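**Student:** Before I ask anything, let me first share the structure, which is written out below as structure tokens.
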Amino acid sequence: MKKISLLIVIFTALVLNINAQEEFFKAPDYSQIEGNVKEQTSSYYYPNLLKKYLEGNSNMTLEEGRHLYYGYVFQTNYVPTDTSSFNNKLAITLSRGTFTPSDYAEILEYSNALLLQDPFNLRALNAKLLVLAQQNNTDEYKKVAQQRSVVQNAIVSTGDGMTEKTAFYVIKVAHEYDILPFLGYTYGGEDKILRGNKINYLSLGQNRFGIDRVYFNITPVIKYVNARGGGIM
């Protein structure tokens with residue numbers, strides 16, 4: 001029953017954004033994605049996908065979004081570690097709860113800085129939406145909201161997160177935490193790596209589904225860190 005309830009939430013989130021004929025709950029084939037995003041004649045050629053994403057193009061399909069998000073691991077600027085000082089600066093400003101005009105300016109500054117380092121940073125996208133809503137900037141709000149939807153839909157299209165075998169695939173550990181509110185969860189305080197460092201789970205706070213934890217596949221993160229002799233994820 002718990003799984004059925006969660007699947008309904010994920011399906012509802014997806015159904016408004018994908019063609020009914022497109023398959024979802026499919027693990028990314030990194031090898032195939034790598035070939036597609038590097039082939040200049042492919043409809044999934046990475047520079048074209050990124051341009052479409054940054055423009056907030058509402059016609060981006062689920063498969064294009066999957067190639068965009070998971071194809072990022074094959075770009076030279078892919079860095080899955082989360083060490084930017086702007087994370088802490090943004091968190092401090094957001095923790096104030098009520099904001100002055102200068103606070104909104106800071107939120108926008110820090111969010112944009114984070115998105116330059118990680119264009120799929122859901123925390124930064126959400127923070128930008130907060131400012132844009134306050135500014136009544138409808139056009140920019142729609143663009144950023146579309147970008148957020150592309151990232152969220154790509155992640156939840158890969159599994160249900162209920163088991164190690166049906167884990168959500170993410171390309172950065174920070175994205176695990178940032179997808180939780182979209183799924184209706186809060187972090188429960190436990191973060192553990194399983195199965196030869198490929199699967200990571202987060203425990204959950206009390207939730208209406210009665211789910212204890214959500215599993216994530218972090219293969220690209222592990223490969224990146226191991227290739228560099230270890231480090232913070």
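The values are calculated or read from the model by the stated rules, or taken from the named source; none is laboratory data. Since we're looking at a predicted model, the values are computed, not measured. Backbone-built Cβ (ideal geometry, glycine too); neighbour counts: all protein chains shown.
**Student:** Take VAL144 and decide whether it is assigned by TED's automatic domain parsing to the domain that holds PRO119, of a type in the set (A, V, I, L, M, F, W, C) and under 25 Å from LEU49 (Cβ atoms).
**Tutor:** Judged against the criteria, VAL144 is a match.
**Student:** For region 159-190, which positions are surrounded by fewer than 15 Cβ atoms within 10 Å (Cβ to Cβ) and touching a Gly at 6+ places or on another chain (Cβ under 7 Å)?
**Tutor:** THR186
**Student:** Here is a further query. For ILE193, all conditions in the list (1) in contact (Cβ under 8 Å) with a residue 40 or more places away in the chain; (2) in contact with a strand residue (DSSP E or B) (Cβ under 7 Å, 6 or more places away or on another chain); (3) surrounded by fewer than 18 Cβ atoms within 10 Å (Cβ to Cβ) hold save one; what is the number of the exception?
**Tutor:** Just one mismatch for ILE193, condition (1).
**Student:** I need the full set of residues from region 147-204 which are aromatic (Phe, Trp, Tyr) and closer than 20 Å to SER84 by Cβ, in order please.
**Tutor:** If the condition is that a residue be aromatic (Phe, Trp, Tyr) and closer than 20 Å to SER84 by Cβ, then TYR177, TYR187 are the ones that fit.
**Student:** What number of residues in region 88-111 are touching a Lys or Arg at 6+ places or on another chain (Cβ under 8 Å) and not aromatic (Phe, Trp, Tyr)?
**Tutor:** Count: 6.
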